[in-house]
Amino acid sequence: MGIAIQVSDVTKIYQRYSHRKQFRTLKSALLGGNLLAELRPDERFEALNDITFNVREGTTFAIIGRNGSGKSTLLKCIAGIAKPSAGTVAVKGRISALIELGAGFHPEITGRENIFINGIMLGLTKKEIRDRFDDIVDFAELEEFIDAPVKTYSSGMYMRLGFAVAIHVDPDVLLIDEVLAVGDEAFVHKCLDKIAEFRRRGKTIILVTHSLGLVEKMADEALWIDHSRVQLRGDPKKVVDAYLARVTHHEENALVAEEEKAVTEFESPKSAAEHDERESEIEPTSAFARKKGRWGSREVEVQEVTLHGADGTARHVFTTGDPVTVRLKVKSTGTIHDFVFGVAIFNADGMCCYGTNTHLEQFTPVKFSGEGEVRFVIPNLRLIEGTYFLDVAAHQRDGYPFDYHRALHQFRVQSKIKDVGIYRPAHRWEFSSNIVLKPPKSTS
Amino acid sequence: MFKNLLTLFRYRVLIQSLVERELKARYRGSVLGFLWSFINPLLQLAIYWFVFSYIMPTRGSMGMSPYALFLFTGILPWTWFSSSVMESSAILISSGNLIKKILFPAEVLPIVVVLSNLVHFFLGLPILFAFLIYYGKVQTTLVYFPAIVVLQLFLTLGICFFVSALAVHFRDVQNIIGNLMMLWFFASPVIYSYLTIAPSIQRYLNYNPMTHILVGYQQILFTGEMGHWPWLLIMIPASLVTFLVGYYFFDRLRETFAEEV
């Protein structure tokens, strides 16, 4: 198999012409007498830095990375829309780029006329378009509307038509930039089917996407770029895992920073009386109105709250199914005989996923003095993907607060399964022998 | 640059379909539709006829009689020129989607602007010819008509390439152009005759390429004597040079378009 795309040492520098002040633009250029010289930039932004890779013919190649990492610029360089500042891109065969669907449509003329013009823009001849016209209309499901002006189309219809034309260019190389993120479920499936058909026919596909599941499912090879450079290239599974690890790391840092901010903000102890006032003020009227806060007499103080994973290290990002331990470092000012420790988990919408305390679970307090540690052990974290807030509290059985942390601590749960809800019960699927399903690829 | 210029030929189908689209889209949705291409110049002629026959009657001296018709021979090519230049100052920016999102030869856009305005110019001609015939002004010099159209085409293309590329980097151009075209209109012999102008001013008018083009039209269509031919001969290389310089400028800035529009 040959090489379909060869990207060698590609660097792309975007230039900013920021030195041009509003009122000395054309005038100074004309007075300076050298218009072309005035158009030289003085600020540079490196969007791609020395990117090199090959894509073999007939393979599907995925490019992943965070927003602004340079993915789309790379795709534009491959498509020939942007020219690399240095390095070369060689593409074998006809190329079709699905970067923005329906980019060339004119709103005033009909879908039929737009198909022809868009097709010509994408490099088809009139005859080729005539031959494929019915397929295009059929694929876009627009038979009834094909003679209506495109401005009357819904955004979904517009997009379907754009995709249909682009895919019927029948390119040797297909570039797809996140275009599948829009559109209803049924059409996305149709597009995926079409892309799968392309793969079967031995066409080369480059896919830029944030959908990591899609990458693992479809790609033969993946490339991860970050900060304009290639981070890793190779087996999609490996690349996705490395990328996720980095994302986790970033989220971790962001959560640590946020928590520090929240805890220091509410550091100063509040008296019980003050708390009552506050409480009535901020009592959530709706689930969404949960404010961060800390109050209590501090006779028992919760000094530190940390979450720990299986290996015992403190973390903020977990995966569904992980064991998690919430550790509270607590300290009492004297010997206390009436005390309760509580923990509650809220999701980002402010809905309580679970809450409990030692009193509810019928522990009877005996005595506590000095410094100690309370551990709330969750052997299997059954939460779906999302950000969660943790409330922790130490108070008396009658509710008199020692130290109450509301929403000061947060953690994030990742999951490759995009299930929904607020709780994930332990479960498995069973089928009678006449119902046959292929089990999912192992996800870890 | 010349290689790029040659590839223009490959885009002829694209250019043709875009011109068609432009023309179709312009009157789509209006009741009279394509008829407007005839009605517009007709109404324009009626206004000039009314103003210069009743409001401020002109002495149809120096080969300008009937004046309304003289005016019309200049107005039609002038409209082609000025609409092209004004539209091309906005075309790259308004078609930014094409330049940024698909592989699209940007020079096609100003070309489409000039050509679709050329078609409008042509659609106004039957009305002009009808009146020329009515007034018995059919001249043998009419055979030179295609030549002067080609001359104006290259001149206009060159200026439009330059203006459209410049407008991408200096948005001010769009505002300047409107006023500049107004000035240019009065500096060109459309509402007055070149021959009636004092030689001291004529000297300056000679630097304006549109002067010679318009005088050319007036002589070919209206007066039937080609006294201006030496100037028109000079305009042949001048138009070509304008075209090439305009294209060169456009070509040099081409790669910055996708980032700047």
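The values are calculated or read from the model by the stated rules, or taken from the named source; none is laboratory data. Since we're looking at a predicted model, the values are computed, not measured. Positions of Cβ are generated from backbone atoms using ideal geometry, with glycine treated the same way; all protein chains shown enter the neighbour counts. When the accessible area is computed, the model is the full protein with side chains, heavy atoms only, and any ligands, DNA or RNA have been set aside. Shrake-Rupley method; radii C 1.70, N 1.55, O 1.52, S 1.80 Å.
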Considering only the range A:114-137, how many residues are touching a residue at least 24 places away in the same chain (Cβ under 8 Å) and either buried (at least 22 other Cβ atoms within 10 Å of the Cβ) or more than 23 Å from A:T152 (Cα to Cα) (or both)?
-> 9
Is it fair to say B:Y48 is open to solvent by 50 Å² or more (accessible area, probe 1.4 Å), closer than 26 Å to B:Y194 by Cα and of a type in the set (S, T, Y)?
-> yes
Filtering the range B:5-40 down to residues that are open to solvent by 40 Å² or more (accessible area, probe 1.4 Å), in a helix (DSSP H, G or I) and within 11 Å of another protein chain (Cβ to nearest Cβ) yields B:R10, B:R12, B:V13, B:Q16, B:E20, B:E22, B:K24, B:R26
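Listed here are the residues, each with its yes/no results for (1) surrounded by fewer than 19 Cβ atoms within 10 Å (Cβ to Cβ); (2) closer than 25 Å to B:S88 by Cα; (3) in contact with a Ser or Thr (Cβ under 9 Å, 6 or more places away or on another chain); (4) modelled with pLDDT under 85.
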{"residue": "B:L183", "(1), (2), (3), (4)": "yes, yes, no, no"}
{"residue": "B:P199", "(1), (2), (3), (4)": "yes, no, no, no"}
{"residue": "B:Q219", "(1), (2), (3), (4)": "no, no, yes, no"}
{"residue": "B:W229", "(1), (2), (3), (4)": "yes, no, no, no"}
{"residue": "B:L240", "(1), (2), (3), (4)": "yes, yes, no, no"}
{"residue": "B:L244", "(1), (2), (3), (4)": "yes, yes, no, no"}
Taking the range A:232-251 and keeping residues over 15 Å from the mean Cα position of the chain (by Cα) and touching a residue at least 60 places away in the same chain (Cβ under 8 Å) leaves A:R233, A:P236, A:V239
Can we say A:R412 is open to solvent by 40 Å² or more (accessible area, probe 1.4 Å), part of a strand (DSSP E or B) and either over 30 Å from A:N253 (Cβ atoms) or touching a helix residue (DSSP H, G or I) at 6+ places or on another chain (Cβ under 9 Å) (or both)?
-> yes
Only one of (1) at pLDDT 90 or above; (2) open to solvent by 40 Å² or more (accessible area, probe 1.4 Å); (3) within 11 Å of chain B (Cβ to nearest Cβ) is not met by A:P107, so which one is it?
-> (1)
Out of the residues in the range A:380-398 that are of a type outside the set (A, V, I, L, M, F, W, C) and not in a strand (DSSP E or B), which is modelled with the lowest pLDDT?
-> A:E385
The lone exception for B:S193 - which of (1) in contact with a Phe, Trp or Tyr (Cβ under 6 Å, 6 or more places away or on another chain); (2) away from chain A (no Cβ under 14 Å) it fails | (1)
Just give me the residues in the range B:224-261 being closer than 30 Å to B:A68 by Cβ, touching a Phe, Trp or Tyr at 6+ places or on another chain (Cβ under 9 Å) and of a type outside the set (A, V, I, L, M, F, W, C), in sequence order.
-> B:H228, B:S239
Identify the residue in the range A:144-173 that is part of a loop (DSSP other than H, G, I, E, B) and more than 14 Å from chain B (Cβ to nearest Cβ) and, among all such residues, is surrounded by the fewest Cβ atoms within 10 Å (Cβ to Cβ).
-> A:S154
Just for the range A:196-243: of the residues that are among the charged types (D, E, K, R) and in contact with a helix residue (DSSP H, G or I) (Cβ under 8 Å, 6 or more places away or on another chain), which one is farthest from A:V55 (Cα to Cα)?
-> A:D226
Select from the range B:109-140 the residues that are β-branched (V, I, T) and surrounded by 20 or more Cβ atoms within 10 Å (Cβ to Cβ) and list them in ascending order.
-> B:I111, B:V112, B:V113, B:V114
What residue, among those in the range A:52-93 that are basic (K, R) and within 11 Å of another protein chain (Cβ to nearest Cβ), is farthest from A:Q15 (Cα to Cα)?
-> A:K76
Would you pick out the residues in the range A:377-407 that are among the aromatic types (F, W, Y) and open to solvent by 40 Å² or more (accessible area, probe 1.4 Å)?
-> A:F389, A:Y400, A:Y404
So which of A:V420, A:V377, A:V343, A:V392 ends up being farther than 28 Å from A:D311 by Cβ and either in contact with an Asp or Glu (Cβ under 8 Å, 6 or more places away or on another chain) or of a type in the set (V, I, T) (or both)?
-> A:V420
